[in-house]
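The values are calculated or read from the model by the stated rules, or taken from the named source; none is laboratory data. Model, not experiment: these values are computed from the prediction. Backbone-built Cβ (ideal geometry, glycine too); neighbour counts: all protein chains shown. Remember, those area values only see protein heavy atoms, side chains included, never the ligands or the DNA or RNA. Shrake-Rupley method; radii C 1.70, N 1.55, O 1.52, S 1.80 Å.
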Amino acid sequence: SSSSSSSSSSILSQYVSSSNTGRPALTIPPNKSSKEIISDLEQLKRKELMELFLLCDAPTDDDMDDFDCRYSGAWDGTLLDDNEVMTPIANFITNSLFGIRHGGKWAGKQLNMMSSLSSSSKDDNGNNSNNSNIGINRFYSTRTKNNDEDQDGINVDIELEHSFAISIAPSSLRRRRRRVDDDDDGNDNDDDDSKKSIMLNYSPYQGILSPWKTMVDELRVLKPPPPPLNTSKSRKGKSTSTSSTRNKGNNNNNNDDDDSDDDEDDRGILLCVGSMAWSGGYWNGTPFLLVQRD
């Protein structure tokens, strides 16, 4: 409807500002927690999500120096809007077909699994895997009666399936319409071609006839994970000082609810697009979200 479209456009405008060159640039509202940012993204339409994705970047060189510390571990996954026709199809493929061998509903991803895999570990095709940058998808177990985590934080069984190689590479997703700036030399200064993504490539771990053989996920950083050694917060996000970076209400109120809010504020958020050649390729990819687990 026009009202919902207007609302999502208003949300998008909070994340886009003008750079010094006059081009749109990503900006994260400083007063919003990770939970609030996630809620905003879940209200955006596919076109707006793609616009926001194009403004995001891969991790910086400094991030990559401690990639293992900042990006390794479990990330919760959420499918986002993929237009009225494709959204139910994407949900069916991801939650009913993708994890059909061992698991059920898709739960997200585990990045950089090598730290918990032995040298004799096998990939999905039974081959030895020695790639230090490797990950795997997480699925809620079909043996679990309730496929959603309990609100009190009680964990459910997770199954792991469908490995992927992790790399940083130039993005396949670039703006279709190139922009020529009105500068003196008349050169095309559009920098989309130089943008990179965290690329998840499934091809090395899928058989030749696998429907997932051509699957590629592109991940970009919307909100960076916290540094591994933060002077004000531990890795879990709990405040180690007498004041939080985002106190709510009375500064002397240090109850558990405030700690919970702090945890959510620290979580990294990756905006992602997944695609397969047989379903239209990267420009018909499905937007999704990865949120760092505590």
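Taking amide H as placed 1.01 Å from N in the peptide plane, Ile168 has its amide H under 5 Å from the amide H of Met199, each at least 5 places away in sequence or on another chain. Working note: Karplus 6.51/-1.76/1.60 with θ = phi - 60° gives region 86-96 the couplings 7, 4, x, 5, 4, 5, 5, 5, 6, 9, 10 Hz, where Gly and Pro are set to x.
Hey, can you find the accessible area per residue of region 3-44 for me, probe 1.4 Å, expressed in square angstrom? Roughly 52 Å² per residue, with all protein chains present. Each label was represented as a point 7 Å from its Cα along the Cα-to-Cβ direction; for Ile28 and Thr60 these points are 1.2 nm apart. Close amide H partners of Phe288, meaning residues 5 or more places away or on another chain with modelled amide H under 5 Å apart, are Leu80, Cys272, Val273, Gly274.
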